[in-house]
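See below for the structure under consideration.
What follows draws every value from the coordinates through simple rules; no lab data is involved. Everything numeric in this text was worked out from a predicted model, so none of it was measured. When we count neighbours, we look across all protein chains shown, and the Cβ atoms used for this are built from the backbone with ideal geometry, even at glycine.
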Amino acid sequence: MRKAKLAIVFLGLVMAQSAMAEESVNLTIDDAIYRAFATNPAVKIAGYERDAARANMNATRLERGITITGRHESSRGGYERQQYIGGVYKDKLSTTHSNSITASMPIYTGGALSGKMITAKANYQQSVSGMQKAYNDMHYTVTEAYYNCLLTQDLEKVAKESVQTLSEHLRHVQDSYDVGVVAKVDVLRSEVELADAEQNLIKAENNRKITEHTLNKIIGLPLETELNLTDTLKYAPYEKELDYCLQFAQTNRPELEQAKQGFRAAKGNVRSARSGYMPQISVNASKSWSNTDSRTGTTHGWPGNQDEKWGVGATATWNVFDSGVTLSKIHAAEAKARAAKETWRDTENGVMLDVRNCYYNLNEAERRIKTAEVTVEKAQEDYDIAQLRYQNGVGTNTDVLDAQVALTQAKTNYIQACYDFSTSKIALDNAIGVPFKSPLEKKTVVKVKPMLKDKKKKK
């Protein structure tokens, strides 16, 4: 029932795409994430890879069981020349039929199957971590694109406010010039500042369209769809310490688990390669039927239903000498295992660096927010004073324009700081491996691995 509902919702999303072209769509961040998971192929690809790895692991496990094979063979042949049989020359042509059923099961493989199983399990765990990584990355990609769109929309609003404010100021200056209160230079300077503000508005509008198109592509909407984002850039202090983030990443970052399982898979390959020096033992049981028909004989029933035989036994093989092929395979597997271990170590160092960078960026943006918030208030007060002084004839036009530029810059800095904080926070969550669950799946509690300190205490 749930799958049917999801299918109906997804079909509705797809059918609505053509109707939504060039229309405005109200979009929350949760809606954006849901749409991305419903339409973006990255998560689906990771799911298919996990399913393939699980099937391969199951196939490897079943190789330890009994294998039953059936075989039928028919052949026809004879002598090239006639044979003298019973006083008469006749062609010696005959048809041979045989049927058999054989059951076999490996008893000892010298570590070949166990090594293969270790590799298959590790590959499956890699794919599970890869799917979690795909979930986390998709959540980060959508959220960042959503925040980026919010940023450009807010910057466009600031640019519009600047144009509107400078337009009103220019009208006031022009009226004052018309009555001979101010000089022509004040009009010219105000016109130049307005033109610069209009240029900035054009750029802001273009940036907003680009970010909208980018977000539309990620969530599967027509590129030209106008988005009305209902969420806002919010600031809430981040309470976690750096040490906590580093420890959390060590136990929850999917890339680290993937690297760990990659090393484990390589060790399984080493074990499989070393099995080339060990004996291979299997048991088998068989039953067979065969018969030969010729021109001098008579066919009885179905082909190959005579001469019934059965047998049971064991087979042991041992590679005594292969010119060093097995040894070379062992050396290759061991080298790959050492490379996988170095990859694991390098990945761990990269993750720790990523966590530190994201944490410091978040801390910087948080400090900038507090400063920029105060600056906006002071810049607004400065502009109000400069404008009032100019209207009363005790201030200059330059003071007003400079105050306007400073106010616009202060608002821009505040918006940019809020955006940097929001994106740095989701980047940090992604860096430490906070697990995200697909909104298309059933609501379940996402398990977070225990911290390293907790593990040490248990020991």
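Some points to look at:
- R0 of 30 Å, Cβ-Cβ distance residue 206-residue 380: FRET efficiency to nearest 0.05: 0.65
- Potential lengthening between residue 164 and residue 363 on full extension [0.36 nm per residue; Cα-Cα distance subtracted]: 68.2 nm
- Between the amide H of residue 107 and those of 281, 282, 283, distances stay under 5 Å, these residues lying 5 or more places away or on another chain, with hydrogens modeled in the peptide plane.
- Total lysine pairs under 28 Å (Cα atoms) in segment 180-272, excluding pairs fewer than 8 apart on one chain: 6
- A Förster radius of 35 Å, combined with the Cβ-Cβ distance separating residue 68 from residue 319, puts the computed FRET efficiency at roughly 0.85.
- Gyration tensor over the Cα atoms of segment 354-443: the corresponding equivalent ellipsoid has semi-axes (square roots of 5 times the eigenvalues, largest first) of 42, 14, 8 Å.
- Placing a label point 7 Å from the Cα of residue 284 along the Cα-to-Cβ direction, the residues of segment 314-335 whose backbone N falls under 17 Å from that point are 314-319.
- Under 11 Å, Cβ to Cβ, from residue 398 - net charge with Lys/Arg +1 and Asp/Glu -1: -3
- Using the Cβ-Cβ distance between residue 243 and residue 388 with R0 = 56 Å, the FRET efficiency computed as 1/(1 + (r/R0)^6) comes to roughly 0.60.
- Applying 0.36 nm per residue to the separation of residue 171 and residue 184 and subtracting their alpha-carbon distance, the gain on full extension is 3.4 nm.
- Neighbours of residue 327, meaning other residues whose beta-carbon lies under 13 angstrom from its beta-carbon, give a summed charge of 0 when Lys and Arg score +1 and Asp and Glu score -1.
- Mean Cβ neighbour count within 10 Å, used as a protection proxy, ranking 413-423, 111-121, 225-235, 354-364 highest first: 413-423, 111-121, 354-364, 225-235
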